[in-house]
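A short reminder: the numbers here are calculations on the coordinates, not readings from a lab. Computed from a predicted structure; not experimentally measured. Positions of Cβ are backbone-derived with ideal geometry, glycine not excepted, and every protein chain shown enters the neighbour counts.
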């Protein structure tokens, strides 16, 4: 990459070694991915004076002034140890090393918006070397992703008009409310919870804000200038627009109508700070949600996603936030101890799952997502059967019972292919288990699945009864 800037090979090699050593020193002072799962470990609220005490060598006032951030603004320093190392390195590293590193950072952060040689070299390392991907996506997909990333709600208006009719939104909202009601029943029936914790859990559940499909209010991009003269300048303009948009929120009430994902996104999320569950139109398409499919299919796929996001409100991290999104304990000590024991079951399972090639997940890293999958699927199954009350028994379709179709829909939603290199990166850095094992690990804990497919004790898909994990 540095040679593409015009550096001679020898100088570029020396600079690369300097950059790696520089980055390594900061990495040593960075919390691990597991440590960052604890929200209390990421919360250190302070004022400018407190920040300055962490970094006495660095003057933050010009930085805040340049961004028009009031000096009295409260600041959350997620990793104080990192800033201490930053302060140390300001004196320890020669100015030339800082210049070398900063030059590289500018190049690396903008590589995908530069000319083809930079794009290709960046892809070679970040995708081929690290993830095993042999060739880039076709141009049309690259362009579509860029538009979605930069102008997602503008694209979202076109997308939802075409692919997400009002009837789909109505049906998904029905799914959400059925799952909310069912989770409430599970919480009230949880014999391991005291009345006080049950009351707090129900308060949080009832306060969930469910967003489906697309925002009620679209973002205004009229102040953003895009033209055909320079792709790089367009990308830069979008970045500045997004930065200014976020900075303008400081000191103002939180806009609870805002979305953290664009409507075409094939994903969903739970925000503990907003206590909201969000399902963009992009994931409410086959194979997750199909208006033409029977309820067993939609509950097994879309229902499991909805239950998963609800479950994040009660996973190892989300459970530490209250109904208002405050980082505040609402569990009795005994109930929290029982909860931790249930989480430990999932941690042990994923620590021991053999994903092949000598790889194992880090249980403490993936426990939140794994709990979301397990609790979500159990919730979706219970909600599906609640929906069948007073209805005729569902028919057998294509040789599969309704329960079998439910579980097949869940499994199909995780169908994917993954290269070894990508697996190696994921198990070490990503809080999401590998897709295949999100399916296998979840179903190994579900007697309902075992019954549907006549699995027996000792089968690969059956965890020993005393090791099957559950929350509610």
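Here is how the numbers come out for the structure above:
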{"quantity": "Theoretical FRET efficiency, 1/(1+(r/R0)^6), r = Cβ-Cβ of residue 391 and residue 190, R0 25 Å, to 0.05", "calculated": "0.35"}
{"quantity": "Whole-angstrom gap from the range 169-225 to the range 15-44, using each part's C-alpha centre", "calculated": "34 Å"}
{"quantity": "Percent of beta bridges antiparallel (DSSP, the range 171-311, rounded to nearest 5)", "calculated": "40 percent"}
{"quantity": "Euclidean distance of C-alpha centroids, the range 409-472 and the range 241-265, integer Å", "calculated": "36 Å"}
{"quantity": "Tilt relative to the chain, helix 9-28 - C-alpha long axis, 0 to 90 degrees, to 10", "calculated": "50 degrees"}
{"quantity": "Whole-Å distance, taken between Cα centres, linking the range 320-370 and the range 386-405", "calculated": "33 Å"}
{"quantity": "Length released on extending from residue 47 to residue 23, taking residue separation times 0.36 nm less the Cα-Cα span", "calculated": "5.9 nm"}
{"quantity": "Between helix 231-247 and the chain: long-axis angle, C-alpha atoms, 0 to 90°, nearest 10", "calculated": "70 degrees"}
{"quantity": "Calculated Kirkwood radius over Cα pairs in Å (choose from [x] 25.2; [y] 23.2; [z] 23.9), label", "calculated": "[x]"}
{"quantity": "Separation in nanometres of the label points that stand 7 Å from Cα toward Cβ, at residue 7 and residue 142", "calculated": "2.4 nm"}
{"quantity": "Average projected area [Cα convex hull, the range 114-258], square nanometres", "calculated": "14.4 nm²"}
{"quantity": "Cα gyration tensor, the range 273-371 - rounded (a/c under 1.5), prolate or oblate", "calculated": "oblate"}
{"quantity": "Proxy reagent accessibility, fewest Cβ within 10 Å first, across 31, 37", "calculated": "31, 37"}
{"quantity": "Cβ crowding within 10 Å averaged over residues, with 195-202, 384-391 ranked highest first", "calculated": "195-202, 384-391"}
{"quantity": "Tensor-based shape of the range 348-459 (alpha-carbon gyration tensor, a/c under 1.5 rounded, otherwise prolate or oblate)", "calculated": "prolate"}
{"quantity": "Most to least packed among 367-379, 53-65 [average Cβ atoms within 10 Å]", "calculated": "367-379, 53-65"}
{"quantity": "Cα gyration tensor, the range 14-92 - rounded (a/c under 1.5), prolate or oblate", "calculated": "oblate"}
{"quantity": "Per-pair calculated FRET efficiency, R0 = 22 Å: residue 351 and residue 470 via Cβ, rounded to 0.05", "calculated": "0.75"}
{"quantity": "Packing-based exposure ordering (other Cβ within 10 Å, fewest first) of 99, 116", "calculated": "116, 99"}
{"quantity": "Rounded tilt (10° steps) of 95-110 against the dominant C-alpha axis of the chain", "calculated": "50 degrees"}
{"quantity": "Relative contact order, percent, the range 278-356 [alpha-carbon distance under 8 Å, six or more residues apart]", "calculated": "14 percent"}
{"quantity": "For the chain, calculated [θ]222 nm from helices alone, where every DSSP H run of n ≥ 4 adds -39500 (n - 2.57)", "calculated": "-16500 deg cm²/dmol"}
{"quantity": "Relative contact order [Cα under 8 Å, 6+ residues apart], the range 377-467, whole percent", "calculated": "22 percent"}
{"quantity": "Ascending count of other beta-carbon atoms within 10 Å, so fewest first, for 115, 91", "calculated": "91, 115"}
{"quantity": "Spatial extent of the range 50-202: Rg and Dmax, with the Cα atoms as the point set, Å", "calculated": "25.2, 64"}
